[in-house]
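The values are calculated or read from the model by the stated rules, or taken from the named source; none is laboratory data. Everything quoted here is computed from the prediction, not taken from an experiment. Reconstructed Cβ throughout: ideal geometry from the backbone, glycine too, with neighbour counts over all protein chains shown.
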Amino acid sequence: MSFRDAIKTCFRKYVTFSGRASRPEYWWFLPVGALFPTVSVFAAYQIVPTLHPLIAVFFAAITLLPLVAVTTRRLRDTGEQAQSITIPLNALLSLIALSYVWFVFHSWSVNVLAVSDGPSGFGHMILWLTGSFFFAAFAIRFFVLGLITGTALFSQMAMPSDFDPTSNNSSEVQQ
């Protein structure tokens, strides 16, 4: 499968989570599928500079669907459970949600406490440091969880297909 065929196949199967994906299909689409949400959100902010962050997160999630679909199909092709993608995906979505909550907290603390705190800003600094400490603790947890489980899944993607007749460990070849 060529690069062009892999891209066409993955976008044609935009939200198809059933079936299997070959190694070339997954590996050719991985860079495109990883860059697609980033580029699309960047383009959306260029078109509408006042775009609300929740809309941008929703837009990124929509454009991330083809990568999640091909990863699910590739996991199934290697003989792994397709549901195992939910752990790193949950960690990623939790980290994004936590970032949004921290952004809202920071904006609130600047707007409310900067006016009422006086010229020193000491109360604002204490509140901001406390919120940032909790954010950092949860962010590190989600990042490490996603990194560990994502790395384990990523190594499974390189394995030969259990259903490929040209593979040496295929059940069709052994019969």
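Given the structure, is THR9 surrounded by fewer than 16 Cβ atoms within 10 Å (Cβ to Cβ) and without any contact (Cβ under 8 Å) to a residue 24 or more places away in the chain? No: the conditions fail for THR9. Among all positions in the range 88-109, there is no residue which is closer than 23 Å to GLY19 by Cβ, in a helix (DSSP H, G or I), modelled with pLDDT of 80 or more and touching a Ser or Thr at 6+ places or on another chain (Cβ under 7 Å). Any chance you could count how many residues in the range 16-49 are surrounded by 14 or more Cβ atoms within 10 Å (Cβ to Cβ) and part of a loop (DSSP other than H, G, I, E, B)? Final tally of qualifying residues: 5.
Go through the range 62-83 and report how many residues are free of Cβ contacts under 8 Å to residues at least 12 places away in the same chain and under 19 Å from SER94 (Cβ atoms). Full working, then the answer.
Taking the range 62-83 first, the residues free of Cβ contacts under 8 Å to residues at least 12 places away in the same chain are 62, 81, 83.
Applying the additional criterion that residues be under 19 Å from SER94 (Cβ atoms) yields 62, 83.
Total satisfying the criteria: 2.
Reported count of residues in the range 66-96, each being farther than 25 Å from ILE140 by Cα and of a type outside the set (Val, Ile, Thr), is 11.
When you scan the range 59-74, do you find a residue that is over 17 Å from the mean Cα position of the chain (by Cα), part of a helix (DSSP H, G or I) and surrounded by fewer than 18 Cβ atoms within 10 Å (Cβ to Cβ), even just one? Please lay out each step first, then the result.
Narrowing the range 59-74 to residues over 17 Å from the mean Cα position of the chain (by Cα): none.
No - not one qualifying residue is present in the range 59-74.
Might you check whether a residue that is touching a Leu at 6+ places or on another chain (Cβ under 9 Å), assigned to a helix (DSSP H, G or I), over 14 Å from SER18 (Cα atoms) and of a type outside the set (A, V, I, L, M) occurs anywhere in the range 75-84? Yes: the range 75-84 contains one or more residues that are touching a Leu at 6+ places or on another chain (Cβ under 9 Å), assigned to a helix (DSSP H, G or I), over 14 Å from SER18 (Cα atoms) and of a type outside the set (A, V, I, L, M).
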